[in-house]
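In what follows, a single structure is set out as structure tokens and then discussed.
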Amino acid sequence: MSRWLLARIALLPLLLLAVSAGTFLLSELVPGDPVDFMIGENATSERKSELRAAYHLDDPLGERFVRFYAELLSGELRSLHTRRPVIEILAERLPNTGRLALAALLVSALVAIPLGTLAARKRGTWIDDSSMLVALVGISVPSFWLGPMLIIVFAIGLGWFPVSGADAPGSIVLPALTLGLGMASILTRITRASVLETLGQDYIRAARARGLSERTVVVRHALRTAAIPIVTVLGLQLGALLTGTVITEEIFAWPGVGREIVQAVRSRDLPMVQGSVLLLATIWAVVNTLTDVAYAILDPRVALR
Amino acid sequence: MGSLHIAGPGPLAIALIASLLLSCGRPAPPDDELVFLIGSWPTNLDPRFVPDAWSEKIAHLVFSPLLIRDPRGELRPHLAESHEFASATEVIVRLRDDAYFHDRTPVRASDVVATYRSILDPALGSVKRLSLDAISDVSEVAPRTVRFSLHRPHAPFLQVLASIGIAQESEILANGTAGDVLWTGSGPFLFEEIDTGAHLLLGRNPEWFGGRVGVEHVRFRVVPDATVRSLELLRGSADITQNDLPPHVLDHLSASPDLVVETAESTLVKYLAFNLERPPLDDVRVRRAIAMAIDREAITRHKLRGFATVAHSFLHPDSWAYAGDISVLRHDPVGARALLDEAGLPQPADGSARLHLVFRTSQDETAIAVAKILRRDLAAVGIEMELRSNEWGVFFADIKQGDFDLYTLSGVGINDPDWYSFVMHSDSQPPSGANRELYDDATMDALLEAGRSTSARGVRATLYRQVQHLAARDLPLVPLWYQHNVTVRGADVQGWEMTPGGGIDALAHTSKGAGP
């Protein structure tokens, strides 16, 4: 396992190099001059040229590419607009995104695993049908609708939670529910399918034959085996949550990485976009590697080679 | 097969959850704190940078500029006690003697000189430098007197003095050109807490030269979504927002007894631009026909819910340079069709369009909704309008390159009539300005240059009235409407006053409840 893990880790720099090169080239192709966003049109062409020269925007592509890596590695990659190091800005935002992602994942797991297990246990009954209907509705409701609805009911109507922001007590609840409930829908179906498959196994029948209680059979034996696909999906969901909570962050004014990237793209803050995408790619790669490691821990039959 | 038993929550758990929920909701802000909602984070509050509108507005509360705009939009002394044109190229500014920085050191001429020189230093890389193009030198004449020398006569120069907040010389020297944020100003508020991307807390400056500040704290909270901003106001967890909500939401908020929706005229003008390089838009009759086809009264009344007034000039009727006798274009589809016929664009017998035009706009929902109405209005006179809506960066890059027949944009902060130079002087064609319609008229250029070169207001007024008449005759752009400034505030917020430019300087005198 350690050799496998080392190989995966050794591949990371290559992956990130490819991602950063792709991001750099793609952001160069996007229409829109960063200088226009910085100084507007009320500027002479001389002033614009001056600013472009100051930020090396007119240098040959190859030179800029080398400079990008030099600045990135020295921590001197700076936002065009704020002139602050990109790493410093992202370091401020990432904990917020991480907090929200973990809370959403918790919501997703707390809803989906019991619901999916129950649906599997009550297969073919109204409980199963209802669970799957709930999952279908959950997956069909977009977060840009669910978020405001949760605000109207729980923040305006009942006054239980803040409308938006990240600084008041309980402010994480509604954005976590918005993200978590959508993800729970997929996880519920995965859990149901996986538990159903496991419940048909011989060792489950043997466990029942030994007189173990149904709760012990399901929770201790069936769920442990069924957990592999569940963990896979949870891992993917965590990656998606860490990198793709843009809409929810916008709705709930949650100061995370997603909002920062959207703002950077809108204002053509190229170093900010490039640095952010690289960070997100790193997160994805690390989360995926950790998910693979979790397989082996959960199920010794899965050998990491 | 036994059943799977899931234990229900006991009374203790329910009580715990209930008490947790009751403690969660964001409480209403205290009386000594005003919560101001904004849609985007101010990117750089250093007064030498302030690259966006919110950065500039908020920085002005901390770093007082030499001049300020009153509620009528007129410039008046602020950190300056007086200012005068000593000659056509020399402005003398005297500082007031009761102005102190937040650390109790007096504001001196050397601070003003250091601020302006820092911005003029190319090494700083400040985008503000372009607005100081007219300055050849800034120097200290006496401890409280500053001289601005200009390269050439430049009447709009005083606008510059109202746009740059003064920082402390010692802090500027200590920070060099690193572009790090400066913190010490002399305004009504001082920085207390910054949580990047989330909120910014300003505290009262007890020694402010402008008098007692209305509230102890102003908290700017960033809420990007307009619907959520309106919900925050309805909930009472925020006190005020300005120009950040769409018209249909404003209607809804007006119905709340706890909120006040206030409007005031503004200097923001929505306009329609033609590409004069693309026939038949090079024919003024076609441009006039298009302008006459648009029912601006109906759009402002219904789509914009009365939060706009039809415009006939880029200058507001309250401006000292407004031409009251300017020709007015009214909605006249019959006249528009006749003009198109006259221009050689008859309606085809098969009922197809006589003209196909590409209209460019951003993805702003109100802009798209208005564009759809324009499409309907133009269809009524036989013009087929293809609507292309793009993300702002793409839209802006395309119209700069001339990839459009028509587009609409807003002219922001039209405080001085020299703004016409920006959109109609032939030297302002891209990449050096916003004359994207590529209008080129020698008379217009001469009038604009003359207007900029004299500081005599009477002379300037005469020149700019001619400019407005010429613009109305040639119609390279059609001013559509003045977008009102709109504030939504709690009913207990007092002392708030709007300015035509949408500034927030009035926060210094705004309070809640019974007042200070």
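The values are calculated or read from the model by the stated rules, or taken from the named source; none is laboratory data. All of these numbers come straight from a predicted model, not from anything done at the bench. Cβ atoms come from the backbone with ideal geometry, glycine included; neighbour counts cover every protein chain shown. Protein only, heavy atoms only, side chains kept; ligands, DNA and RNA dropped before computing areas. Shrake-Rupley method; radii C 1.70, N 1.55, O 1.52, S 1.80 Å.
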Identify, please: which residue in the range A:113-130 is more than 19 Å from residue A:227 (Cα to Cα) and of a type in the set (Gly, Ala, Ser) and is, among those, surrounded by the fewest Cβ atoms within 10 Å (Cβ to Cβ)?
A:124
Kindly indicate which of B:58, B:135 is within 28 Å of the chain's Cα centre (by Cα) and within 18 Å of residue B:189 (Cα to Cα).
B:58
Residue B:145 being among the hydroxyl-bearing types (Ser, Thr, Tyr) and either within 21 Å of residue B:56 (Cα to Cα) or modelled with pLDDT under 95 (or both)
no
Being open to solvent by 20 Å² or more (accessible area, probe 1.4 Å) and of a type in the set (A, V, I, L, M, F, W, C) narrows B:209, B:274, B:189 down to just B:209
State whether one or more residues within the range B:413-434 are within 14 Å of chain A (Cβ to nearest Cβ), touching a residue at least 40 places away in the same chain (Cβ under 8 Å), open to solvent by 10 Å² or more (accessible area, probe 1.4 Å) and of a type in the set (S, T, N, Q).
yes
So is residue B:463 farther than 30 Å from residue B:62 by Cβ and not in a helix (DSSP H, G or I) or not?
no
Does residue B:500 fit the bill of being within 30 Å of residue B:230 (Cβ to Cβ), touching an Asp or Glu at 6+ places or on another chain (Cβ under 7 Å), open to solvent by 10 Å² or more (accessible area, probe 1.4 Å) and not in a helix (DSSP H, G or I)?
yes
Scope the range B:245-270; condition within 13 Å of chain A (Cβ to nearest Cβ) and out of contact with any Ser or Thr (no Cβ under 9 Å at 6 or more places or on another chain); matching residues
B:256, B:258
Cβ-Cβ below 6 Å, separation at least six or inter-chain, first residue in the range A:257-269 and under 20 Å from residue A:283 (Cα atoms) and within 8 Å of chain B (Cβ to nearest Cβ), second open to solvent by less than 30 Å² (accessible area, probe 1.4 Å) and among the acidic types (Asp, Glu): which pairs?
A:259/A:249
Are any of the residues in the range B:473-492 under 30 Å from residue B:230 (Cβ atoms), over 24 Å from the mean Cα position of the chain (by Cα), of a type outside the set (Gly, Ala, Ser) and open to solvent by 10 Å² or more (accessible area, probe 1.4 Å)?
yes
Suppose the filter is surrounded by fewer than 23 Cβ atoms within 10 Å (Cβ to Cβ), within 22 Å of residue A:140 (Cβ to Cβ), within 14 Å of chain B (Cβ to nearest Cβ) and of a type in the set (Asp, Glu); does residue A:250 pass it?
yes
What number of residues within the range A:143-176 are of a type in the set (Phe, Trp, Tyr), farther than 21 Å from residue A:96 by Cβ and within 10 Å of chain B (Cβ to nearest Cβ)?
1
Of those in the range A:72-112 that are open to solvent by less than 60 Å² (accessible area, probe 1.4 Å) and of a type in the set (Ser, Thr, Tyr), the residue farthest from residue A:271 (Cα to Cα) is A:108
Inspect all residues belonging to the range A:172-184 and state whether any of them is open to solvent by 20 Å² or more (accessible area, probe 1.4 Å), more than 24 Å from residue A:114 (Cβ to Cβ) and among the β-branched types (Val, Ile, Thr).
no
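Yes/no per residue for (1) modelled with pLDDT of 95 or more; (2) touching a strand residue (DSSP E or B) at 6+ places or on another chain (Cβ under 8 Å):
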residue: B:433; (1), (2): no, no
residue: B:436; (1), (2): no, yes
residue: B:451; (1), (2): no, no
residue: B:456; (1), (2): no, no
residue: B:465; (1), (2): yes, no
residue: B:468; (1), (2): yes, no
residue: B:484; (1), (2): no, yes
Would you point out which residue out of A:240, A:285 is open to solvent by 20 Å² or more (accessible area, probe 1.4 Å) and more than 14 Å from chain B (Cβ to nearest Cβ)?
A:240
Quick test for you: out of B:387, B:409, B:355, B:378, pick the one residue that is open to solvent by less than 10 Å² (accessible area, probe 1.4 Å) and assigned by TED's automatic domain parsing to the domain that holds residue B:275.
B:378
For residues in the range B:373-389 being part of a helix (DSSP H, G or I) and not charged (D, E, K, R), which is farthest from the other protein chains (Cβ to nearest Cβ)?
B:379
Considering residues of the range B:390-406 that are open to solvent by 10 Å² or more (accessible area, probe 1.4 Å) and in contact with an Asp or Glu (Cβ under 9 Å, 6 or more places away or on another chain) only, the residue nearest to the other protein chains (Cβ to nearest Cβ)
B:397
Could you check residue A:188 against (1) within 14 Å of chain B (Cβ to nearest Cβ); (2) closer than 26 Å to residue A:234 by Cα and say which number it fails?
(1)
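For (1) among the small types (Gly, Ala, Ser); (2) touching a residue at least 12 places away in the same chain (Cβ under 8 Å); (3) part of a loop (DSSP other than H, G, I, E, B), each residue gets a yes or a no:
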position	(1), (2), (3)
A:144	no, yes, no
A:147	yes, yes, no
A:153	no, no, no
A:159	yes, no, yes
A:164	yes, yes, yes
A:167	no, no, yes
A:174	no, yes, no
A:216	no, no, no
Go through the range B:251-279 residue by residue and tally those that are at pLDDT 90 or above, in contact with a strand residue (DSSP E or B) (Cβ under 7 Å, 6 or more places away or on another chain) and of a type outside the set (Gly, Ala, Ser).
12
Against the definition (of a type in the set (Ser, Thr, Tyr), outside the structural domain of residue B:203 (by TED's automatic domain parsing) and in contact with a helix residue (DSSP H, G or I) (Cβ under 6 Å, 6 or more places away or on another chain)), how does residue B:432 come out, yes or no?
yes
Can you confirm whether the range A:33-56 contains a residue that is over 29 Å from residue B:428 (Cβ atoms) and either more than 14 Å from chain B (Cβ to nearest Cβ) or modelled with pLDDT under 85 (or both)?
no
Number of the condition not met by residue B:368 [criteria: (1) of a type outside the set (Asp, Glu); (2) open to solvent by 30 Å² or more (accessible area, probe 1.4 Å); (3) within 11 Å of another protein chain (Cβ to nearest Cβ)]:
(3)
Please state which of the following conditions residue A:208 fails to meet, knowing it meets all the rest: (1) open to solvent by less than 40 Å² (accessible area, probe 1.4 Å); (2) within 13 Å of another protein chain (Cβ to nearest Cβ).
(1)
How about the range B:1-106: which strands (runs of 3 or more DSSP E) wholly inside it have at least 3 residues that are modelled with pLDDT of 80 or more, surrounded by 16 or more Cβ atoms within 10 Å (Cβ to Cβ) and within 14 Å of another protein chain (Cβ to nearest Cβ)?
B:33-38
